[in-house]
Structure formats: structure tokens, C-alpha cells
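Written below as C-alpha cells is the structure these notes are about.
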Amino acid sequence: SAQDKIYDATTNVQLNKDQLLLSGKVQGDDLQLNIAQSAFDNKQAGVNKSVNLTGLTLSGADEKNYDLLVNNLNLNATINKATISSIGKVVKDKTYDGNTAAVVDTSNASLSGVIANDEVSVRVGSAAFTDKNAGINKTVSLNNVNLIGNDAGNYQLVTGLTNTATINKASIQQ
């Protein structure tokens with residue numbers, strides 16, 4: 001059987017070779033199945049993905065007594081999504097205006113856990129301060145947070161749905 005794994009941007013797969021049975025092998029014979037290469041059909045996260053095996057051969061002291069017939073060698077395994085643990089600061093400080101609306105700016109967002117060369121960024125639909133009052137490092141709730149980009153489907157965001165920002169006091173002139 002093939003082992004499930006967490007997305008790593010490769011098609012590499014580990015096999016449980018002890019679980020690959022040789023049907024028709026006489027008990028006590030020295031016979032092993034060798035596999036030159038095993039790989040997922042693509043690098044994308046997904047459930048029950050096909051695993052391709054190439055270069056199947058037999059070895060061992062009794063291998064000359066057997067022919068290798070490959071029947072129903074369909075292996076499947078899952079590539080689970082990798083986790084992104086933070087999105088960094090995506091809310092701008094503002095001056096008191098009497099409401100809780102916050103301005104989202106993802107241009108400086110940092111995604112912790114993205115594999116080099118993968119195209120993933122974050123989109124935040126809206127954000128709101130917990131209250132309208134001036135204050136430093138106030139909690140801001142982020143709404144409709146989505147990962148976007150060619151490789152976004154290989155990741156899941158597990159934290160980072162809140163941010164902090166400052167509501168500066170408004171200036172009053174006479």
C-alpha cells in the first residue's frame with residue numbers, strides 16, 4: 001500500500017512494501033518485489049489519488065522460479081493539505097471616525113508555511129474592529145479570508161483570522 005502524506009510540492013510517495021503481497025509465492029521461498037520508482041500522478045493535494053509504479057522486478061534466491069504478472073496493482077493514497085499558520089498584519093491603522101470598519105491591505109501579508117515557488121496569497125473580504133473607540137493594538141476580526149493563487153488548493157489556513165491595528169484619536173480644531 002501507499003502512505004498518505006502532507007503536501008510537499010512533490011509527487012514522491014512512500015510505499016508499505018511489506019503489505020504488497022506476491023500472490024502465488026510458495027511459503028519459505030526467498031522472493032522479493034522490487035519497485036524502481038513510485039509516484040503520485042501529480043503533486044496536488046487530494047483524496048484517494050493514484051500512485052504509479054514503474055520498474056517492477058523480482059529478486060531473491062528463488063526468483064528464477066517465477067514470472068511477474070502484474071494484475072490489479074492499483075494503489076491510492078491521500079495528499080493532505082499543508083497548513084499555513086499566519087497571515088501577518090493585513091489591517092491598516094486609522095483615525096477615529098465613529099465606526100468599526102477597518103481597511104484591509106494584504107500587500108504586506110506574510111504566509112508562514114508556504115513552500116518555495118508555490119503561488120499562494122491571501123484575500124480578506126472585510127475587517128472590523130471590536131469597537132469604534134480609539135486605542136492601540138485593538139483586535140480586528142477578519143471576514144471571508146481565502147487563499148488564492150495556482151497552489152492555494154494545497155493549503156489550509158489554520159490561524160490568523162484576527163489582526164490588531166490602532167484607532168488613533170481624531171483631532172478637533174476650534
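The values are calculated or read from the model by the stated rules, or taken from the named source; none is laboratory data. Source: prediction; values computed, not measured. Every residue, glycine among them, receives a Cβ derived from its backbone with ideal geometry; neighbour counts consider all protein chains shown. Only protein heavy atoms, including side chains, enter the accessible area calculation; ligands, DNA and RNA are left aside. Shrake-Rupley method; radii C 1.70, N 1.55, O 1.52, S 1.80 Å.
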Accessible surface of the chain, 1.4 Å probe, proportion on carbon and sulfur as whole %: 43
Solvent-accessible area per residue for the chain (1.4 angstrom probe, square angstrom): 62
Over 29 Å between alpha carbons, listed pairs 17/43; 25/81; 89/169; 5/92; 43/92: 25/81; 5/92; 43/92
Label-reachable residues, the stretch 80-110, where backbone N falls under 16 Å from a point 7 Å from residue 171's Cα toward its Cβ: 94-97
Dipole of the stretch 22-174 [Lys/Arg +1, Asp/Glu -1 at C-beta], most positive-end residue of 147, 165, 40: 165
Structure-derived mean projected area of the Cα convex hull in nm²: which label, when the choices are (1) 9.0; (2) 14.3; (3) 13.7: (3)
Label-reachable residues, the stretch 108-126, where backbone N falls under 15 Å from a point 7 Å from residue 141's Cα toward its Cβ: 125-126
